[in-house]
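Input: a single structure, listed below in structure tokens.
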Amino acid sequence: MTTVTTRRVEYPADNLTMIGYLALPAGAERRPGVLIGPEGMGLSDVERRRAEALAELGYVALAFDLHGGRYLDNPEEMLARCLPLLGDPDRMREIGHAALDVLRAEPRADPDQTAALGYGTGGAVALELGRDGADLRAIGTVNGLTTGRPGEAARIRCPVWAGVGSEDPIMPPAQREAFTAEMQAAGVDWRLVVYGGALHAFHHPPVNHAAPPGVGYHPGHAQRVWRDIVALLTECLPVTQ
């Protein structure tokens, strides 16, 4: 097993002090960098462990923050913050660029070889980085098939991979269709995987607090979606050993 080094990183964004989680692979050479954005509840051990898993594969991984170091386990509080955020592309871009700047400033990260992944709200942030023309090698979004302002998807400069549960009431078929129509009209290299029988946030292990309706863990698809994300990175952002 590769030795991974981790540390907290603080940085400003959205008028907050964000607290991200950086995972570094063994060695001293530069490696590709990957952003990981959390579900609307905020940064948790789920994303921290995924950052570590990516570092095991040789990536410099930064799990970024959404709420200034807070984890919003109250669904009403989470929605009260996330819904206005999701309706404001410029705020999402600010949060995304602040994290991307931190990742690219890390001496172990190759600033010209980066990707952005995210779940739910974090996936929407990753997409907005693309719509803002960020220089990325890949974008992956799970449960976050949001559409952007007219015409801005044409600024996306890399492949986009998206995953969603077939029974997700938050990202229903009409939303999927709007997302794929936007990607297709913009000439984006896009893929969509629909995981049969899965609800929203199907990748996220059960939590010990209340969750919004329509959320549910699917252990089989959770493993599959992670393999699909790793395959995206292997294709678009390979690690040179």
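So here's what we get for this one:
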| item | result |
| --- | --- |
| Lone unmet requirement of (1) acidic (Asp, Glu); (2) open to solvent by 10 Å² or more (accessible area, probe 1.4 Å); (3) assigned to a helix (DSSP H, G or I); (4) within 27 Å of Gly187 (Cα to Cα) for Glu128 | (2) |
| Residue in region 109-120 that is over 22 Å from Tyr71 (Cα atoms) and assigned to a helix (DSSP H, G or I) present | no |
| Scan of region 68-101 for residues that are in a helix (DSSP H, G or I), farther than 22 Å from Glu10 by Cα and either among the charged types (D, E, K, R) or in contact with a Leu (Cβ under 8 Å, 6 or more places away or on another chain) (or both), ordered by number | Glu76, Glu77 |
| Residue count, region 131-183 (criterion: open to solvent by 10 Å² or more (accessible area, probe 1.4 Å), without any contact (Cβ under 8 Å) to a residue 40 or more places away in the chain, within 20 Å of Val225 (Cβ to Cβ) and among the hydrophobic types (A, V, I, L, M, F, W, C)) | 1 |
| Candidates Glu10, Glu47, Glu56, filtered to the one that is out of contact with any helix residue (DSSP H, G or I) (no Cβ under 7 Å at 6 or more places or on another chain) and without any contact (Cβ under 8 Å) to a residue 12 or more places away in the chain | Glu10 |
| Search result, residues across region 162-183 that are aliphatic (A, V, I, L, M), farther than 26 Å from Asp45 by Cβ and touching a strand residue (DSSP E or B) at 6+ places or on another chain (Cβ under 7 Å) | Met183 |
| Condition met for Gly96 (farther than 20 Å from Glu47 by Cα, of a type in the set (Gly, Ala, Ser), touching a strand residue (DSSP E or B) at 6+ places or on another chain (Cβ under 9 Å) and open to solvent by less than 10 Å² (accessible area, probe 1.4 Å)) | no |
| Long-range neighbours under 8 Å by Cβ, at least six apart or interchain, first residue among the polar types (S, T, N, Q) within region 68-86, second open to solvent by 50 Å² or more (accessible area, probe 1.4 Å) | Asn74/Ala210 |
| Any hit, region 198-205, residues being open to solvent by 30 Å² or more (accessible area, probe 1.4 Å), in a loop (DSSP other than H, G, I, E, B), closer than 27 Å to Leu24 by Cα and at pLDDT below 95 | yes |
| Test result for Ala210, of a type in the set (A, V, I, L, M, F, W, C), open to solvent by 60 Å² or more (accessible area, probe 1.4 Å) and over 22 Å from Ala116 (Cβ atoms) | yes |
| Some residue of region 184-193 being under 21 Å from Glu235 (Cβ atoms), in contact with a strand residue (DSSP E or B) (Cβ under 6 Å, 6 or more places away or on another chain), among the β-branched types (Val, Ile, Thr) and open to solvent by 30 Å² or more (accessible area, probe 1.4 Å) | yes |
| Some residue of region 10-18 being among the acidic types (Asp, Glu) and farther than 23 Å from His204 by Cβ | yes |
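The values are calculated or read from the model by the stated rules, or taken from the named source; none is laboratory data. Keep in mind that this is a model prediction, so the values were computed, not measured. Ideal geometry is used to build each Cβ from the backbone, glycine not excepted, and the neighbour counts take in all protein chains shown. Surface areas here come from the heavy atoms of the whole protein model, side chains and all, with no ligands, DNA or RNA. Shrake-Rupley method; radii C 1.70, N 1.55, O 1.52, S 1.80 Å.
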